[in-house]
Structure formats: structure tokens, C-alpha cells
Amino acid sequence: MIPSITNFSPTASGEGFVTIGDDRYWVETAGKSYSLTNPDSQTLRFEIQPGDKASFDYANGAACDRSQIDGSAGGHMPVGAPVNINYQFLLEPNGPNGSFTNTASWFVTGEIQSTAYGASPPVAIELHGDRLVVIARHVLPGGNPSNSSSDLKMLTLWTDPDPIRTGKYNNIQIQASVSNNGGGYLQVSVNGIQVVNYRGPLGYGATTYWMYGLYRSPTSETVAAKFRNMMLTMGAAAP
């Protein structure tokens with residue numbers, strides 16, 4: 001059974017949270033009325049406008065626009081644990097004639113993030129222009145995962161050959177084991193078609209957690225998206 005959103009408290013002061021089934025997520029938004037809304041018991045709507053940051057982004061001097069929820073509120077996923085994430089993602093049009101415009105240099109919509117300090121996500125579902133993209137990252141054991149390090153390996157595993165269709169839900173399934181020391185894998189399916197089947201080192205040897213929403217480099221477009229029917233299973237429950 002797909003879990004429902006049982007608690008919705010979108011306060012962005014560090015106290016806001018969302019609960020989906022048994023999973024608890026911190027709210028990381030600019031705290032505007034449009035930043036994060038709850039249209040129904042299965043759906044969250046995220047919106048970012050230029051300059052929308054979370055309070056900690058200002059404190060850290062981060063250059064980004066953000067409206068996300070952060071699964072570290074419910075704990076971390078152990079290294080090598082099988083994880084299965086399923087959800088539906090709808091991008092609202094923001095360009096002429098129902099099109100989507102994105103000029104951000106990077107734009108993340110979903111990520112398995114690492115607890116390795118300052119590291120980019122080992123798994124990311126991104127938007128490059130108007131195309132969905134799957135990115136994976138790793139370092140070998142003992143390596144430095146910072147973005148400036150030559151130890152860090154980034155792989156673009158899939159780029160959708162077609163522009164994303166606005167106003168239409170896309171079914172996304174992620175199956176992964178984030179391990180850089182044997183047994184790592186990542187499989188991604190979009191609308192029932194497997195687009196990634198990777199086996200090899202994944203991540204940085206640190207625990208991880210799931211985040212999703214809208215997170216990008218600063219740019220001029222307003223972007224909104226809906227995520228519904230989120231379900232995350234781990235361990236023996238994850239096929």
C-alpha cells in the first residue's frame with residue numbers, strides 16, 4: 001500500500017516537517033506560501049522563484065534556489081543497504097505553449113545524499129535543460145569526495161533523448177545499494193522502462209538519506225513540480 005502524508009507542517013525555520021507513512025522529512029524551503037503545499041494526502045507541490053533559499057543557505061553563503069524535503073530527519077540508510085524508491089513526478093509548464101524552460105547550470109529533483117561532509121549526492125535525478133538525467137558519483141575507499149578532488153568520479157548514466165512533457169506524471173523507480181567497496185548498484189526505470197542498469201562502486205563509504213523537491217543554481221525562471229505516491233523501502237523489504 002502506498003503510504004499517505006500523515007503530518008504536514010511546512011514551517012521553514014528548522015522545525016517544519018512532513019511525515020509520509022513512517023518516514024519523516026525536514027522542510028528546507030524559503031518559507032513562502034507557495035514554497036511547499038499539500039494538495040492531497042498523496043501529493044506535495046514544490047515551487048521555487050528566483051532567490052528562494054532556506055535559512056541555512058543564507059548562513060552558509062550558498063548560491064542556490066531551494067524547496068526540498070530532507071529524509072535525514074528519519075535517520076540514515078546504512079552503507080550497502082538495498083533501497084527501493086518509487087514516486088511520480090509532474091513538472092508544471094513555465095514557458096510558452098505549455099513548454100518548460102530551465103537555464104540553471106545544475107538542477108536536482110531527487111537525490112540519495114551522503115553524510116560525507118560537503119559532498120554532492122551519489123545518486124541524483126536531475127534536469128539538464130528540459131531533459132531528465134541520472135547522475136552517479138563515487139570515490140574508492142579512502143578517497144576524498146569533495147567536488148574539487150581528483151578522487152571523485154561522476155558518471156552521467158542516462159539523458160532522456162526527449163524533452164520532458166509538462167503536466168504529465170512520470171513514474172520513477174530507483175533501486176540502489178550505495179557501496180563503494182563491493183556490491184554497489186543502481187537501477188532506474190522511467191515510466192516502466194529501465195534506463196539505467198549500473199553495477200560498480202557507488203557513493204563514498206558513508207551512510208545516505210533520500211531528499212526530493214527542487215534544488216538548483218540561481219537563475220531567472222519560476223519552477224513548480226508535484227511529487228505523489230512516494231514510497232521508500234529498505235533492506236529485506238526492498239526487492
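The values are calculated or read from the model by the stated rules, or taken from the named source; none is laboratory data. Bear in mind the structure is a predicted one, so any value in this text is a computation, not a measurement. Quick reminder, even Gly has a Cβ in these numbers, built from the backbone with ideal geometry, and neighbours come from all protein chains shown.
Counting only strands (runs of 3 or more DSSP E) that sit wholly inside the range 1-41, those with at least 1 residues that are closer than 15 Å to Ala54 by Cβ and at pLDDT 95 or above are 17-20, 23-28, 36-40. Among the residues of the range 162-172, the one identified as polar (S, T, N, Q) and either buried (at least 17 other Cβ atoms within 10 Å of the Cβ) or part of a loop (DSSP other than H, G, I, E, B) (or both) is Thr166.
Any chance the range 187-195 includes a residue that's of a type outside the set (D, E, K, R), in a loop (DSSP other than H, G, I, E, B) and on the phi < 0 side of the Ramachandran plot? Checked against the condition, which is being of a type outside the set (D, E, K, R), in a loop (DSSP other than H, G, I, E, B) and on the phi < 0 side of the Ramachandran plot, the range 187-195 yields no hits at all. Only one of the listed residues (Ser99, Ser72, Ser33, Ser105) is small (Gly, Ala, Ser) and free of Cβ contacts under 8 Å to residues at least 12 places away in the same chain. That residue is Ser33. Of all residues in the range 183-199, exactly one satisfies the criterion of being closer than 17 Å to Pro122 by Cα, among the small types (Gly, Ala, Ser) and crowded, with 16+ Cβ neighbours inside 10 Å, namely Gly184.
From the list Ser146, Ser150, Ser179, the lone residue that is over 29 Å from Leu44 (Cα atoms), hydroxyl-bearing (Ser, Thr, Tyr), in contact (Cβ under 8 Å) with a residue 60 or more places away in the chain and in a loop (DSSP other than H, G, I, E, B) is Ser179.
Of all residues in the range 204-221, exactly one satisfies the criterion of being touching a strand residue (DSSP E or B) at 6+ places or on another chain (Cβ under 7 Å), in a loop (DSSP other than H, G, I, E, B) and β-branched (Val, Ile, Thr), namely Thr207. Would the range 99-107 turn up any residue that is farther than 30 Å from Gln49 by Cβ, hydrophobic (A, V, I, L, M, F, W, C) and at pLDDT 95 or above? Within the range 99-107 (the criterion being farther than 30 Å from Gln49 by Cβ, hydrophobic (A, V, I, L, M, F, W, C) and at pLDDT 95 or above), the answer is no, since none of the residues qualifies.
Against the list (1) closer than 24 Å to Ser99 by Cα; (2) out of contact with any Gly (no Cβ under 7 Å at 6 or more places or on another chain); (3) not β-branched (Val, Ile, Thr), the condition Asn144 fails is (1).
Only one entry of Pro39, Pro96, Pro50, Pro121 meets the criterion of being surrounded by 15 or more Cβ atoms within 10 Å (Cβ to Cβ) and not β-branched (Val, Ile, Thr), and that entry is Pro121. Contact map, the range 215-230: first residue closer than 19 Å to Asn170 by Cα, second residue at pLDDT below 95 and part of a loop (DSSP other than H, G, I, E, B), Cβ cut-off under 6 Å, separation 6 or more or different chains; pairs are Asn229/Ile2. With respect to the conditions (1) aliphatic (A, V, I, L, M); (2) free of Cβ contacts under 8 Å to residues at least 40 places away in the same chain; (3) in contact with a strand residue (DSSP E or B) (Cβ under 6 Å, 6 or more places away or on another chain), Ala136 lacks only one, and its number is (2). One residue alone among Pro201, Pro141 is in a loop (DSSP other than H, G, I, E, B), more than 27 Å from Pro93 (Cα to Cα) and either charged (D, E, K, R) or touching a Leu at 6+ places or on another chain (Cβ under 9 Å) (or both), and that residue is Pro201. Just to be sure, is Glu47 in a loop (DSSP other than H, G, I, E, B) and either within 29 Å of Gln175 (Cβ to Cβ) or acidic (Asp, Glu) (or both)? Taking the combined requirement at face value, the residue does not satisfy it.
In the range 57-66, the condition of being in contact with an Asp or Glu (Cβ under 7 Å, 6 or more places away or on another chain), under 14 Å from Tyr212 (Cβ atoms), at pLDDT 95 or above and in a strand (DSSP E or B) is met by at least one residue. Among the residues of the range 63-78, those that are over 16 Å from Val18 (Cα atoms), hydrophobic (A, V, I, L, M, F, W, C) and surrounded by 13 or more Cβ atoms within 10 Å (Cβ to Cβ) comprise Cys64, Met77.
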